[in-house]
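Undergrad: First, the structure itself, so that you have it in front of you.
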Amino acid sequence: MVEDRTAATAVGTPLAGKVALVTGAGGALGRAIAATFAAQGARVFGVDLAGDVDLRADVGTAAGNQEAVAACVAAHGQLDHLVLNAGVQRVAPIADFPPAEWDRLLAIMLSGPFLAVQAAWPQLTRVPGGRILVTASTSSFVAEPGKSAYVAAKHGVLGLVKVAALEGGPHGLTANAVAPSWVRTPLVEGQVAERAARQGCSEEEAIRALVDEHAAPRFVEAAEVAATLAFLAAPAAAAITGACVPVDLGALAR
């Protein structure tokens, strides 16, 4: 089956009639994603361990993902867009990286997305037009000292996206990712002190070094990432699948 894109969509509401489950919805980026999808007509079901969300669940587990999908369908009768945005960070050299933290990061950012896709698959493929959308990272392409688990998870989730694209194609389902660079969120701000200590500089200098990785010397805005995800969710992006779109102000161009 292929997606039927002939039906007219109201200008400004390309996601009208769709239901989007957003993980990590309690964080800064998750809130921006939820707000953007809602503004474009989607009904949004937010999941996180904290914050103002529809369901508090651990999406690093099979049970948490199954609960999230079931609750979304119970609330809205369907699930069309699965937006996998949950993320955590731990910075430490490989020699000192706690194995429990390795397991935690990979559970949330690699195993969790697989389990979410598996749980949501019957809903996403029930009619053409389903979407799997993942917040990846520039760390899906390049590495940085101290981030072995994060880099491994972000590299790995792109493989999942590609397989989901191939398996979902016959159902009219697309799977894509976005790769933000430095977005000024608590997750990034929590790394500034660590970078300053490692580089022997002030926190202000550490922040300047982050934005200097971009072609334009500023942070990426959460709204810019959210808008790219919303575009990939829209009917106009039906031919894009198995891709990862950088939202990085040119960081990967270096």
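The values are calculated or read from the model by the stated rules, or taken from the named source; none is laboratory data. As the structure is a computational prediction, the values presented were derived from the model and not from experiment. Cβ sites come from the backbone with ideal geometry, for glycine too, and all protein chains shown count toward neighbours. Note: areas computed on protein heavy atoms with side chains; ligands, DNA, RNA excluded. Shrake-Rupley method; radii C 1.70, N 1.55, O 1.52, S 1.80 Å.
Undergrad: Return the pair list, or none, for Cβ contacts closer than 8 Å from residues in region 199-214 that are more than 22 Å from LEU252 (Cβ to Cβ) to residues that are basic (Lys, Arg) and modelled with pLDDT of 90 or more, at least 6 apart or on different chains.
TA: Pairs found: none.
Undergrad: Here are VAL22, VAL44: which of them is at pLDDT 95 or above and over 28 Å from GLU144 (Cβ atoms)? First the steps, then the outcome.
TA: On the way: VAL22 fails: over 28 Å from GLU144 (Cβ atoms).
VAL44 is the lone residue from the list that is at pLDDT 95 or above and over 28 Å from GLU144 (Cβ atoms).
Undergrad: Pick from region 38-67 the residues that are within 16 Å of MET109 (Cα to Cα), touching a strand residue (DSSP E or B) at 6+ places or on another chain (Cβ under 9 Å) and among the aliphatic types (A, V, I, L, M): which of them is most open to solvent (accessible area, probe 1.4 Å)?
TA: LEU49
Undergrad: Which one is nearest to the chain's Cα centre (by Cα) among residues in region 10-37 that are open to solvent by 40 Å² or more (accessible area, probe 1.4 Å) and more than 16 Å from PRO235 (Cα to Cα)?
TA: In this case the residue turns out to be ARG31.
Undergrad: Checking the condition open to solvent by 70 Å² or more (accessible area, probe 1.4 Å) and of a type in the set (D, E, K, R), which residue from GLU144, GLU221 passes? Let's see the steps before the verdict.
TA: On the way: GLU144 fails: open to solvent by 70 Å² or more (accessible area, probe 1.4 Å).
Answer to the selection: GLU221.
Undergrad: Next up: What number of residues in region 76-107 are in a helix (DSSP H, G or I) and touching a strand residue (DSSP E or B) at 6+ places or on another chain (Cβ under 6 Å)? Spell out the reasoning first.
TA: Taking region 76-107 as the starting set, the residues that turn out to be in a helix (DSSP H, G or I) are 76, 94-96, 99-107.
Next, only the ones that are touching a strand residue (DSSP E or B) at 6+ places or on another chain (Cβ under 6 Å) stay: 76.
Here the count works out to 1.
Undergrad: Pick from region 224-254 the residues that are charged (D, E, K, R) and open to solvent by 20 Å² or more (accessible area, probe 1.4 Å): which of them is nearest to ILE132 (Cα to Cα)? Write out each step before concluding.
TA: First, the residues of region 224-254 that are charged (D, E, K, R): 224, 248, 254.
Keeping just the survivors that are open to solvent by 20 Å² or more (accessible area, probe 1.4 Å) gives 224, 254.
Details: GLU224: 19, ARG254: 29 Å.
It comes out as GLU224.
Undergrad: Checking the structure you have, find out if any residue of region 114-136 is over 21 Å from PRO235 (Cβ atoms), open to solvent by less than 10 Å² (accessible area, probe 1.4 Å), at pLDDT 95 or above and in a loop (DSSP other than H, G, I, E, B).
TA: yes
Residue-wise test of (1) within 22 Å of GLU167 (Cα to Cα); (2) of a type outside the set (Ser, Thr, Tyr).
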site	(1), (2)
PHE45	no, yes
ASP58	no, yes
THR61	no, no
GLN66	yes, yes
ASP80	yes, yes
ALA107	no, yes
GLY112	yes, yes
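Undergrad: Another one. Confirm whether VAL161 is of a type in the set (Val, Ile, Thr), touching a residue at least 60 places away in the same chain (Cβ under 8 Å) and open to solvent by less than 20 Å² (accessible area, probe 1.4 Å). Show your work before the answer.
TA: Working: of a type in the set (Val, Ile, Thr): yes; touching a residue at least 60 places away in the same chain (Cβ under 8 Å): yes; open to solvent by less than 20 Å² (accessible area, probe 1.4 Å): yes.
It is true that VAL161 is of a type in the set (Val, Ile, Thr), touching a residue at least 60 places away in the same chain (Cβ under 8 Å) and open to solvent by less than 20 Å² (accessible area, probe 1.4 Å).
Undergrad: List the helices (runs of 4 or more DSSP H) inside region 147-244, counting only whole elements, that have at least 2 residues being at pLDDT 95 or above.
TA: Answer list for region 147-244: 148-168, 222-233.
Undergrad: Among the residues in region 75-97, are any among the acidic types (Asp, Glu) and within 20 Å of ILE132 (Cβ to Cβ)?
TA: Restricting attention to region 75-97, the residues satisfying the condition of being among the acidic types (Asp, Glu) are 80, 96.
If we keep only those that are within 20 Å of ILE132 (Cβ to Cβ) as well, we get 80.
Looking through region 75-97, at least one residue is among the acidic types (Asp, Glu) and within 20 Å of ILE132 (Cβ to Cβ).
Undergrad: Within region 200-212, is even one residue touching a helix residue (DSSP H, G or I) at 6+ places or on another chain (Cβ under 7 Å) and under 22 Å from VAL19 (Cβ atoms)?
TA: no
Undergrad: Kindly evaluate VAL59 against the criterion of being in contact (Cβ under 8 Å) with a residue 24 or more places away in the chain, not aromatic (Phe, Trp, Tyr) and not in a loop (DSSP other than H, G, I, E, B).
TA: Working: in contact (Cβ under 8 Å) with a residue 24 or more places away in the chain: yes; not aromatic (Phe, Trp, Tyr): yes; not in a loop (DSSP other than H, G, I, E, B): no.
No, not satisfied.
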